[in-house]
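Peer 1: Structure in structure tokens, see below.
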Amino acid sequence: MRSSLLTGAVAAALSFSGYAAAADAEAWKSRSIYQVMIDRFARTDGGSVDCKLHEFCGGTWKGLTNKLDYIQGMGFDAIQISPVIKNMDEDTAVGEPYHGYWSQDLTTVNPKFGTKEDLKNLVDELHKRDMFLMVDVVVNHMAQKFDNIIPPKVDYSKFKPFNDQKYFHSYCNVTEWENSTNYQNCWLYPFGVALADIKTESPDVVTLFTKWIKDLVSTYSIDGLRIDAAKHVNDEFLPKFVEASGVFAFGEVLTGVTEDMCRYQNKSKNLLPGMPNYLDFYPLNAAFNGGDFERLGEIRAQAVDSCNDTLALGTFIENHDMPRFASQNDDLALAKNAMTYVIMNDGIPTVYQGQEQHFKGGETPSNREPLWTSNYNTTAPLYVLASTLNKVRKNAIKQSPDYIKKTSDVLIADTNHFCQSKGPAENAVVFCITNKSSQGDSYEMTVGGFRNSDEVVEVISCASSTADGLGQITAYMGAGEPKVWVKKSALEGTDICPKTTVDGPKENSGVVAKGAASAGVLMAAVLGTASLLL
């Protein structure tokens, strides 16, 4: 069906490039996603304009198409874009619908972002580059401006195809966030805009939605979906909707509680194939802002036990709903560590536009800055880091498909460090992140995860070393920088660290005398875990 939308040589090429399997979760696990808010990424004219963040700024699908080199230069091979459907037109007390989440007409694409042809051209260009497209969709509500008088006065005839009040729940405001009846049947956000809650348990609604999503996916050759506010629609609707789409889907379930999230993805009741990983998001943020990594290790273990497939979760540290990472602490070393976790962790890496430019916006809409203010700087430290790490991840998958099929082993999760080994022993990728910041001290740290005499390269500094008889290496830590190691032989034929230096103590590093390690550290070494030599 997708090839029929393309022509000639392009269709022939894509018939061999895996697009028939693009809907499959396994195909998405190998991908690395760059999240785009269309209105804030790039304008058609390529220009840079000042705009108020609660109003339209002029980003378009054509603008995105023209800037795909910027995304591909970081190594991302999938993009997630904001909703494509026509929204309400009015300005409101909370701004204009520049974000695309206030749907009114599901049968028409959003003219603010371009034409049907512009959207199809974007998809064609992505597929020529062997990149996937994930589209955000809203199924919980339709939107109209209202004057903040409760209950909202809604003209249901304006909605397409849900043009009758019978398709909606009667008004009530969501107030009980632990009560599924309340948060699934009542209306969200009753200020400035009325989000009329769709009755997704209705057979008529299910029929209309499943037909719509089939048409949308086939018309625009979409490879995956993000389902906005999935937690707020009734459970039974979700698997029907995903099945009708025929593609992989993330469903947004905004919770940091393991049992709340994993009930959407377990063996007895698999409601969603994947979700943005809020279980990691909260403890990871806390660890970089005065906390420790112990809680992150605990949550990860709980998720592996409770969720059906944590490898299909999307790892992230920023998105369009949350304050930027740097809004809490703008230390660049911490941001590098966060980026390293996102890309090298289990699951599907998801980086929100502007993260690579170290944007610092806080609450919405400050976290939705136009990317053109960065001049699309491809030498920014986080841009360069993302490019390197995506190369390492792709190479690891090429070396062994098991890299994305098995969960990683946590080597250490303590106050200041989180280290893990991922992939088969013969081609392990090991990383360590720290929350010590750029003001962190210099010290040595013993890290396991390799085999006896493995020659390894730390890919950020391109420093090489050799594992000892226990498969351990000495990490020379300093200035709060993250570390990522791979076997030297795995880099042959790549452009990752073509020249290496021998790793060793840095100036002013704390040198530890042999034999000074405690019995506990030695026991950790025997068990193959990481240990600190303080």
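The values are calculated or read from the model by the stated rules, or taken from the named source; none is laboratory data. No experiment lies behind these values; they were computed from the predicted model shown. In this analysis, Cβ positions are derived from the backbone assuming ideal geometry, glycine residues included, and neighbour counts consider all displayed protein chains. Areas reflect the complete protein model, heavy atoms only, side chains present, ligands, DNA and RNA absent. Shrake-Rupley method; radii C 1.70, N 1.55, O 1.52, S 1.80 Å.
Peer 1: Using only alpha carbon pairs under 8 Å that are at least six residues apart, calculate the relative contact order of the chain and give it in whole percent.
Peer 2: Answer for the chain is 12 percent.
Peer 1: Just for the chain, what percent of DSSP beta bridges are antiparallel, to the closest 5?
Peer 2: Looking only at bridges with both residues in the chain, the antiparallel portion is about 60 percent.
Peer 1: Sticking with this one: If you look for lysine pairs in region 122-256 that are eight or more places apart or on different chains, how many of them have Cα atoms under 18 Å apart?
Peer 2: Total qualifying Lys-Lys pairs in region 122-256 comes to 17.
Peer 1: Can you tell me how region 97-167 classifies by the Cα gyration tensor, rounded, prolate or oblate, using a/c under 1.5 as the rounded cut?
Peer 2: Taking the square roots of the gyration eigenvalues as a ≥ b ≥ c, region 97-167 is prolate.
Peer 1: Ok, one more. For a test of the definition: using alpha carbon positions, the gyration tensor, and the 1.5 limit on a/c, classify region 66-120 as rounded, prolate or oblate.
Peer 2: Prolate, since a/c reaches 1.5 and a/b exceeds b/c.
Peer 1: Still on this structure, please answer the following. Local charge sum around Lys499 (other residues, Cβ-Cβ under 14 Å, Lys/Arg +1, Asp/Glu -1)?
Peer 2: Counting the neighbours of Lys499, the net charge comes to -3.
Peer 1: Using alpha carbons only, how many degrees (0 to 90, rounded to 10) separate the axis of helix 294-306 from the longest principal axis of the chain?
Peer 2: The angle comes out near 60 degrees.
Peer 1: A further question on this structure: Using a 1.4 angstrom probe on the protein heavy atoms only, line up Arg393, Arg43, Arg295 by accessible area, largest first.
Peer 2: These residues rank, largest area first, as Arg295, Arg43, Arg393.
Peer 1: In the calculated pair distance distribution of region 382-424, what percentage of Cα-Cα distances lie above 11 Å?
Peer 2: Roughly 69 percent, rounded to a whole number.
Peer 1: Kirkwood hydrodynamic radius, region 300-428, all distinct C-alpha pairs: what's the number in Å? Walk me through the numbers on the way to the answer.
Peer 2: On the way: mean 1/r = 0.0629 Å⁻¹.
Mean inverse Cα-Cα distance, inverted, gives 15.9 Å.
Peer 1: So how tilted is helix 116-128 from the main axis of the chain? Cα-based, degrees 0 to 90, rounded to 10.
Peer 2: Approximately 20 degrees, to the nearest 10.
Peer 1: Work out the FRET efficiency for Glu455 and Tyr156 from their Cβ-Cβ distance, taking R0 = 60 Å, and round it to the nearest 0.05.
Peer 2: So the FRET efficiency works out to roughly 0.35.
Peer 1: Just flag the GluC sites (Glu not before Pro) in region 200-295 sitting in loop per DSSP whose Cβ has no more than 13 other Cβ atoms within 10 Å.
Peer 2: Here the sparse-neighbourhood loop sites are Glu236.
Peer 1: Give me the accessible area of His127, 1.4 Å probe, in Å² rounded to the nearest 10.
Peer 2: Counting only protein heavy atoms, the figure is 10 Å².
Peer 1: I would also like to ask the following. Helix 203-220 against the longest principal axis of the chain: what's the angle in degrees, Cα atoms only, rounded to the nearest 10?
Peer 2: Orientation of helix 203-220: about 60 degrees from the principal axis.
Peer 1: Rounded if a/c is under 1.5, else prolate if a/b is larger than b/c, else oblate: which is region 280-365, with a ≥ b ≥ c the root eigenvalues of its Cα gyration tensor?
Peer 2: Here region 280-365 falls in the prolate category.
Peer 1: Explain nothing, just the number: dipole magnitude of region 387-478 about its Cα centre with +1 on each Lys and Arg Cβ and -1 on each Asp and Glu Cβ, in debye rounded to the nearest 20.
Peer 2: 560 debye
Peer 1: Quick one: ranking Thr108, Thr434 by accessible area, 1.4 Å probe, largest first, what do you get?
Peer 2: On the way: Thr108 50, Thr434 0 Å².
Largest accessible area first, the list is Thr108, Thr434.
Peer 1: Moving on. Quick one: accessible surface of Asp331, probe radius 1.4 Å, all protein chains present, in square angstrom to the nearest 10.
Peer 2: Approximately 20 Å² for this residue.
Peer 1: Please tell me which of these pairs span more than 27 angstrom C-alpha to C-alpha: Lys269/Lys391; Lys336/Lys499; Lys336/Lys488?
Peer 2: Lys269/Lys391
Peer 1: Separate question: Find me the longest stretch of the chain that has none of the exposed chymotrypsin sites (Phe, Trp or Tyr not before Pro), where exposed means in a DSSP loop (not H, G, I, E or B) with at most 14 other Cβ atoms within 10 Å.
Peer 2: 178-534
Peer 1: So, one more: Accessible surface of Ser170 in the full protein assembly, 1.4 angstrom probe, to the nearest 10 Å²?
Peer 2: Taking all protein chains as shown, Ser170 has close to 90 Å².
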